[in-house]
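These notes concern the structure reproduced below.
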Amino acid sequence: MKNKQAAFEYSGDYYEAIGDFMREQYLKYGFAQGTMQEADFLMELMNLRRGTRTLDIGCGPGRHSLELARRGIRTVGVDISAEFIRHANREAARDKLPATFLVADARELMFDREFDGAICLYEGAFGLAGSEENHRKVLRGVQRALKPGSLFVLTAINVLNLARNIQDESLFDPYSCTVIDKEEIHSPEGESKEVLIYTTAFTFRELQMLLVSEGFVVEAAYGCSPGQFGNQPLQLGSIEIMMVARRK
């Protein structure tokens with residue numbers, strides 16, 4: 001008998017409204033407090049040097065790009081939320097940093113072999129893109145944006161850890177490995193509202209196949225969590241998977 005279960009999908013632009021509402025309040029989340037350590041690791045891992053041009057996909061309010069720019073890296077951050085981008089550009093201008101931020105949908109990147117490296121961290125875009133094809137569009141755009149031989153560092157939720165901690169199975173779709181979180185978010189003015197946040201999780205093998213099929217060579221994979229980037233081996237309990245891939 002043919003399985004007629006329809007693939008679960010969600011709009012790949014839903015986080016635009018969330019980002020526009022939260023703005024810099026996003027930076028108060030616990031997972032956003034480890035920027036310095038994460039930047040330290042990325043500098044070493046990617047061999048970033050002063051003047052290197054790096055793309056940050058789904059940059060949010062710009063915390064990684066701004067920190068890298070403080071270290072002399074020329075950064076370009078893109079995000080679907082205009083308010084996130086407004087905040088990041090304001091910070092860059094205030095501190096006179098070599099960072100530029102653009103409103104852009106990560107599924108429709110238009111860069112062409114312009115960057116020496118790229119990062120996409122903490123479900124800034126990948127993991128929130130909706131369908132499999134939309135996630136592939138993100139990877140294709142990154143591949144086009146990079147110069148041949150450049151590194152791409154991607155993090156994604158580890159579905160093996162996520163699945164074993166699911167408490168309400170009605171909020172998890174096992175076909176797409178997407179979890180639905182009901183969350184109260186806050187604006188800088190103290191307003192609040194409840195939203196649904198859709199996050200698609202992956203296994204290492206899925207990520208490897210996706211990256212390879214879209215023009216990358218996977219060089220390493222690690223387990224990671226906020227503020228604890230490093231060379232730790234991927235484990236069942238790792239919160240996120242960090243993929244280190246090189247553009248062919």
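Packing-wise, with mean Cβ within 10 Å as the measure, how do 165-172, 66-73 rank, highest first?
Highest to lowest by the protection proxy: 66-73, 165-172.
State, as an integer percentage, the relative contact order of the chain based on alpha-carbon contacts under 8 Å between residues 6 or more apart.
Once normalised by length, the contact order is 20 percent.
Please report, as a whole percent, how much of the solvent-accessible surface of the chain comes from carbon and sulfur atoms (probe radius 1.4 Å).
Carbon with sulfur: 49 percent of the solvent-accessible area.
Counting Lys +1, Arg +1, Asp -1, Glu -1, what net charge surrounds ILE73 among other residues with beta carbon under 12 Å of its beta carbon?
+3
What does the charge add up to near PHE229, with Lys and Arg as +1, Asp and Glu as -1, over the other residues with Cβ less than 12 Å from its Cβ?
-4
With label points built 7 Å along Cα→Cβ from the Cα atoms of PHE31 and LEU171, find their separation and express it in nm.
1.4 nm
Gap in Å between the Cα centre of region 183-209 and the Cα centre of region 78-131?
Result: 17 Å between the Cα centres.
Taking the solvent-accessible surface of protein heavy atoms with a 1.4 Å probe, what is the per residue accessible area of the chain in Å²?
Each residue of the chain exposes 48 Å² on average to a 1.4 Å probe.
What shape does region 95-248 have by the C-alpha gyration tensor, where a ≥ b ≥ c are the square roots of the eigenvalues, rounded means a/c under 1.5, and otherwise prolate means a/b greater than b/c and oblate the rest?
oblate
Taking only DSSP H segments of four or more residues, each worth -39500 (n - 2.57), what value at 222 nm results for the chain once the sum is divided by all its residues, to the nearest 500 deg cm²/dmol?
It lands at -8500 deg cm²/dmol.
Distance between the C-alpha centers of region 212-248 and region 51-66? Whole Å please.
Taking the Cα centre of region 51-66 as reference, the centre of region 212-248 is 18 Å away.
The values are calculated or read from the model by the stated rules, or taken from the named source; none is laboratory data. Since we're looking at a predicted model, the values are computed, not measured. All Cβ positions, glycine included, derive from the backbone under ideal geometry; neighbour counts span all protein chains shown. These area figures cover heavy atoms from the full protein model, side chains too; ligands, DNA and RNA do not enter into them. Shrake-Rupley method; radii C 1.70, N 1.55, O 1.52, S 1.80 Å.
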